[in-house]
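A quick write-up on the structure given underneath.
The values are calculated or read from the model by the stated rules, or taken from the named source; none is laboratory data. Nothing here was measured: the structure is a model prediction, and the numbers come from that model. Heads up, the Cβs are rebuilt from the backbone with ideal geometry, glycines too, and the neighbour counts pull from every protein chain shown.
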(Lines give C-alpha, C1' and ligand atoms only; values in the text may rest on other atoms or scores of the structure.)
Protein backbone atom coordinates (compact mmCIF):
# COMPACT_ATOMS: atom_id res chain seq x y z
CA UNK A 1 0.00 0.00 0.00
CA UNK A 2 1.36 3.41 -0.99
CA UNK A 3 1.89 5.79 1.90
CA UNK A 4 0.28 9.21 1.76
CA UNK A 5 2.96 11.89 2.28
CA UNK A 6 2.48 14.06 5.38
CA UNK A 7 0.73 17.35 4.84
CA UNK A 8 2.94 20.41 4.80
CA UNK A 9 2.56 22.93 7.63
CA UNK A 10 0.84 26.18 6.78
CA UNK A 11 3.24 29.02 6.00
CA UNK A 12 2.40 31.78 8.48
CA UNK A 13 5.24 34.25 7.96
CA UNK A 14 7.74 35.05 5.19
CA UNK A 15 10.70 37.41 5.56
CA UNK A 16 11.48 39.45 2.44
CA UNK A 17 14.93 40.94 2.86
CA UNK A 18 18.28 41.70 1.24
CA UNK A 19 20.87 44.42 0.88
CA UNK A 20 19.99 48.08 0.25
CA UNK A 21 18.85 48.71 -3.31
CA UNK A 22 17.84 45.11 -3.98
CA UNK A 23 14.32 46.00 -5.08
CA UNK A 24 12.62 44.12 -2.26
CA UNK A 25 10.22 46.92 -1.32
CA UNK A 26 9.13 47.27 -4.95
CA UNK A 27 8.70 43.49 -5.09
CA UNK A 28 6.77 43.54 -1.82
CA UNK A 29 4.17 45.97 -3.24
CA UNK A 30 3.82 43.82 -6.35
CA UNK A 31 3.43 40.65 -4.27
CA UNK A 32 0.79 42.39 -2.13
CA UNK A 33 -1.32 43.02 -5.23
CA UNK A 34 -0.62 39.69 -6.93
CA UNK A 35 -1.36 37.54 -3.87
CA UNK A 36 -3.92 39.74 -2.08
CA UNK A 37 -6.11 36.74 -1.24
CA UNK A 38 -3.29 34.97 0.58
CA UNK A 39 -0.85 37.49 2.06
CA UNK A 40 -0.78 40.68 4.10
CA UNK A 41 2.25 42.94 3.74
CA UNK A 42 3.96 44.07 6.95
CA UNK A 43 5.70 47.39 6.11
CA UNK A 44 9.40 48.01 6.67
CA UNK A 45 9.81 49.31 10.21
CA UNK A 46 13.05 51.21 9.56
CA UNK A 47 11.40 53.29 6.84
CA UNK A 48 8.42 54.04 9.11
CA UNK A 49 10.71 55.24 11.90
CA UNK A 50 13.08 57.27 9.72
CA UNK A 51 10.21 58.97 7.90
CA UNK A 52 8.67 59.66 11.30
CA UNK A 53 11.70 61.63 12.47
CA UNK A 54 14.28 59.15 13.74
CA UNK A 55 17.79 60.48 12.91
CA UNK A 56 19.88 58.63 10.31
CA UNK A 57 23.47 59.04 11.54
CA UNK A 58 26.54 56.84 11.88
CA UNK A 59 27.26 57.32 15.59
CA UNK A 60 27.53 53.76 17.05
CA UNK A 61 25.52 54.62 20.18
CA UNK A 62 22.74 56.18 18.10
CA UNK A 63 22.75 53.23 15.68
CA UNK A 64 22.38 50.84 18.63
CA UNK A 65 19.47 52.85 20.01
CA UNK A 66 17.75 52.90 16.61
CA UNK A 67 18.29 49.18 15.95
CA UNK A 68 16.96 48.39 19.43
CA UNK A 69 13.82 50.35 18.58
CA UNK A 70 13.46 48.71 15.15
CA UNK A 71 13.74 45.22 16.65
CA UNK A 72 11.01 45.75 19.22
CA UNK A 73 8.68 47.58 16.84
CA UNK A 74 9.22 44.73 14.36
CA UNK A 75 8.10 42.19 16.95
CA UNK A 76 5.01 44.21 17.81
CA UNK A 77 3.98 45.07 14.26
CA UNK A 78 4.25 41.40 13.24
CA UNK A 79 2.09 40.43 16.22
CA UNK A 80 -0.41 43.17 15.32
CA UNK A 81 -0.73 42.04 11.71
CA UNK A 82 -1.00 38.42 12.81
CA UNK A 83 -3.97 39.39 15.01
CA UNK A 84 -5.59 41.52 12.31
CA UNK A 85 -5.15 38.96 9.51
CA UNK A 86 -5.17 35.52 11.18
CA UNK A 87 -5.97 33.64 7.96
CA UNK A 88 -3.32 35.34 5.85
CA UNK A 89 0.38 34.62 5.44
CA UNK A 90 2.39 37.64 6.59
CA UNK A 91 4.96 38.96 4.12
CA UNK A 92 7.39 40.97 6.24
CA UNK A 93 9.43 43.70 4.54
CA UNK A 94 12.57 42.83 6.53
CA UNK A 95 12.54 40.95 9.83
CA UNK A 96 14.02 40.74 13.32
CA UNK A 97 17.25 39.15 12.06
CA UNK A 98 18.24 42.21 10.00
CA UNK A 99 19.40 44.21 13.00
CA UNK A 100 22.30 41.83 13.49
CA UNK A 101 23.85 43.08 10.24
CA UNK A 102 23.58 46.74 11.28
CA UNK A 103 24.67 46.38 14.92
CA UNK A 104 28.09 48.06 15.50
CA UNK A 105 29.29 45.29 17.84
CA UNK A 106 28.28 42.46 15.52
CA UNK A 107 25.35 40.03 15.37
CA UNK A 108 26.27 37.93 18.40
CA UNK A 109 26.20 41.01 20.64
CA UNK A 110 22.98 42.20 18.96
CA UNK A 111 20.99 39.04 19.71
CA UNK A 112 22.40 38.86 23.24
CA UNK A 113 21.40 42.48 23.87
CA UNK A 114 17.90 41.80 22.51
CA UNK A 115 17.57 38.80 24.84
CA UNK A 116 17.25 36.28 22.04
CA UNK A 117 19.36 34.30 19.56
CA UNK A 118 19.79 34.05 15.81
CA UNK A 119 18.35 30.53 15.91
CA UNK A 120 15.23 31.71 17.76
CA UNK A 121 14.61 34.63 15.41
CA UNK A 122 15.12 32.54 12.27
CA UNK A 123 12.65 29.99 13.63
CA UNK A 124 9.93 32.66 13.81
CA UNK A 125 9.80 32.79 9.98
CA UNK A 126 8.67 29.91 7.78
CA UNK A 127 10.59 31.05 4.69
CA UNK A 128 13.01 33.75 3.57
CA UNK A 129 13.23 35.43 0.15
CA UNK A 130 16.47 37.37 -0.20
CA UNK A 131 16.98 39.99 -2.94
CA UNK A 132 20.67 40.65 -3.64
CA UNK A 133 21.57 44.34 -3.86
CA UNK A 134 21.88 45.85 -7.34
CA UNK A 135 25.22 47.27 -6.17
CA UNK A 136 26.66 43.75 -6.47
CA UNK A 137 26.26 44.10 -10.24
CA UNK A 138 27.72 47.59 -10.33
CA UNK A 139 24.27 49.17 -10.71
CA UNK A 140 23.16 52.34 -8.98
CA UNK A 141 21.05 51.98 -5.84
CA UNK A 142 20.09 55.66 -5.72
CA UNK A 143 16.44 55.39 -6.71
CA UNK A 144 15.15 58.37 -4.78
CA UNK A 145 14.61 56.68 -1.40
CA UNK A 146 14.84 59.66 1.01
CA UNK A 147 15.87 57.52 4.01
CA UNK A 148 18.69 55.60 2.32
CA UNK A 149 22.22 56.77 3.07
CA UNK A 150 24.34 53.79 1.95
CA UNK A 151 26.79 54.08 -0.92
CA UNK A 152 27.62 51.20 -3.30
CA UNK A 153 30.39 49.78 -1.09
CA UNK A 154 28.29 49.90 2.07
CA UNK A 155 25.34 48.32 0.28
CA UNK A 156 27.46 45.34 -0.78
CA UNK A 157 28.92 45.00 2.71
CA UNK A 158 25.46 44.98 4.32
CA UNK A 159 24.16 42.58 1.68
CA UNK A 160 26.87 40.06 2.57
CA UNK A 161 26.27 40.43 6.31
CA UNK A 162 22.53 39.97 5.88
CA UNK A 163 23.01 36.97 3.62
CA UNK A 164 25.38 35.37 6.14
CA UNK A 165 22.65 35.56 8.80
CA UNK A 166 19.51 34.76 6.81
CA UNK A 167 21.06 31.98 4.72
CA UNK A 168 21.16 29.85 7.87
CA UNK A 169 17.38 29.49 7.55
CA UNK A 170 16.40 26.04 6.17
CA UNK A 171 13.98 27.60 3.65
CA UNK A 172 16.18 30.39 2.28
CA UNK A 173 15.59 31.49 -1.33
CA UNK A 174 18.29 33.65 -2.90
CA UNK A 175 17.24 36.00 -5.72
CA UNK A 176 20.46 36.98 -7.45
CA UNK A 177 20.88 40.42 -8.97
CA UNK A 178 20.09 40.57 -12.69
CA UNK A 179 20.85 43.27 -15.27
CA UNK A 180 17.09 43.22 -15.95
CA UNK A 181 14.98 44.05 -12.90
CA UNK A 182 12.07 42.31 -14.61
CA UNK A 183 14.00 39.02 -14.56
CA UNK A 184 14.71 39.54 -10.88
CA UNK A 185 11.04 40.16 -10.13
CA UNK A 186 10.02 37.08 -12.14
CA UNK A 187 12.42 34.99 -10.05
CA UNK A 188 10.82 36.44 -6.93
CA UNK A 189 7.33 35.64 -8.22
CA UNK A 190 8.40 32.05 -8.89
CA UNK A 191 9.65 31.77 -5.30
CA UNK A 192 6.43 33.28 -3.96
CA UNK A 193 4.33 30.92 -6.09
CA UNK A 194 6.10 27.92 -4.61
CA UNK A 195 5.60 29.20 -1.07
CA UNK A 196 1.94 30.05 -1.68
CA UNK A 197 1.41 26.49 -2.93
CA UNK A 198 2.71 25.25 0.43
CA UNK A 199 0.29 27.58 2.16
CA UNK A 200 -2.61 26.22 0.12
CA UNK A 201 -1.55 22.63 0.70
CA UNK A 202 -0.93 22.85 4.43
CA UNK A 203 -3.45 22.63 7.26
CA UNK A 204 -4.71 25.77 8.94
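Scanning the stretch 108-161 for residues that are part of a helix (DSSP H, G or I), surrounded by fewer than 15 Cβ atoms within 10 Å (Cβ to Cβ), modelled with pLDDT of 95 or more and more than 18 Å from the chain's Cα centre (by Cα) yields 108, 109, 112. The residues in the stretch 6-33 that are exposed (fewer than 15 other Cβ atoms within 10 Å of the Cβ) and at pLDDT below 90 can be counted, and the count is 4.
Which residues, taken from the stretch 47-83, are modelled with pLDDT of 95 or more and touching a strand residue (DSSP E or B) at 6+ places or on another chain (Cβ under 9 Å)? Hits for the stretch 47-83 are 74, 77, 78, 80, 81, 82. Scanning the stretch 75-101 for residues that are assigned to a helix (DSSP H, G or I) and more than 17 Å from residue 165 (Cα to Cα) yields 75, 76, 77, 78, 79, 80, 81, 82, 83, 84. Report yes if residue 104 is in contact with a helix residue (DSSP H, G or I) (Cβ under 7 Å, 6 or more places away or on another chain), over 20 Å from residue 170 (Cβ atoms) and not in a helix (DSSP H, G or I), otherwise no. Yes; evaluated as a whole, the condition is true for this residue.
Can we say residue 91 is within 28 Å of residue 192 (Cα to Cα) and crowded, with 21+ Cβ neighbours inside 10 Å? Judged against the criteria, residue 91 is a match. Checked against (1) at positive phi; (2) modelled with pLDDT of 95 or more; (3) in contact with a helix residue (DSSP H, G or I) (Cβ under 6 Å, 6 or more places away or on another chain), residue 94 passes all but a single condition, namely (3). Working only within the stretch 39-67, note down all residues that are part of a loop (DSSP other than H, G, I, E, B) and either loosely packed, with under 11 Cβ neighbours inside 10 Å or over 18 Å from the mean Cα position of the chain (by Cα) (or both). Matches in the stretch 39-67: 52, 53, 54, 55, 56, 57, 58, 59.
Among the residues of the stretch 15-26, those identified as touching a helix residue (DSSP H, G or I) at 6+ places or on another chain (Cβ under 6 Å), outside any strand (DSSP E or B) and closer than 19 Å to residue 74 by Cβ are 19, 20.
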